[in-house]
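Heads up: the structure comes next, in C-alpha cells.
The values are calculated or read from the model by the stated rules, or taken from the named source; none is laboratory data. Source: prediction; values computed, not measured. Cβ: placed from backbone, ideal geometry, glycine included. Neighbour counts: every protein chain shown. Ligands, DNA and RNA are stripped out before the accessible areas are found, and what is left, the full protein with its side chains, is counted by its heavy atoms. Shrake-Rupley method; radii C 1.70, N 1.55, O 1.52, S 1.80 Å.
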Amino acid sequence: MRVFIEVLHIVVGVLAAMLIASFAAWSYPLARHDIWLVTDVAMILIVAMGIGPIRRAYAEDRRTLAEAGAEAGKKQDDE
C-alpha cells in the first residue's frame, strides 16, 4: 500500500508540472519550446527523487507482509 501511495505522489507531481507548463506555454507562446524543455527536466527530477521513497516503502511493505505471514504460521502451529 505504501508503494502505491508513493507512486501516486509521483504521478500527481508529474501531472502538476504538465499542467503548470501547459498554462505557461499558453500564456507565453514565444517561449513554448523552452518551457517544455524545463518541464521535461523537472519531470525527470520528480521521478528520480521519488525512487528513494519508493524503495523504502517497498522494504516496509515487504517487512509488514513477512511479519503477517510469520504470525499466520504461528497461529497454524498452535492449532
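Any residue in segment 24-46 that's open to solvent by 90 Å² or more (accessible area, probe 1.4 Å): show its pairings with residues that are assigned to a helix (DSSP H, G or I) at Cβ separation under 8 Å, as long as the two are six or more apart or on different chains.
Listed by first residue and then by second, the contacts come to Tyr28/Ile35; Arg32/Ala25; Val38/Ala21.
Of all residues being farther than 13 Å from Met1 by Cβ and at pLDDT 80 or above in segment 64-79, which is farthest from the chain's Cα centre (by Cα)? Just the residue, please.
Glu67
State whether one or more residues within segment 1-13 are outside any helix (DSSP H, G or I), modelled with pLDDT under 95 and either touching a helix residue (DSSP H, G or I) at 6+ places or on another chain (Cβ under 8 Å) or open to solvent by 90 Å² or more (accessible area, probe 1.4 Å) (or both).
Yes, segment 1-13 contains at least one residue that is outside any helix (DSSP H, G or I), modelled with pLDDT under 95 and either touching a helix residue (DSSP H, G or I) at 6+ places or on another chain (Cβ under 8 Å) or open to solvent by 90 Å² or more (accessible area, probe 1.4 Å) (or both).
Could you tell me how many of the residues in segment 14-23 are under 18 Å from Ala48 (Cα atoms), open to solvent by 70 Å² or more (accessible area, probe 1.4 Å) and either of a type in the set (Gly, Ala, Ser) or in contact (Cβ under 8 Å) with a residue 12 or more places away in the chain (or both)?
1
Going by the structure shown, is Gly52 of a type in the set (Gly, Ala, Ser), modelled with pLDDT of 95 or more, surrounded by fewer than 13 Cβ atoms within 10 Å (Cβ to Cβ) and in a helix (DSSP H, G or I)?
yes
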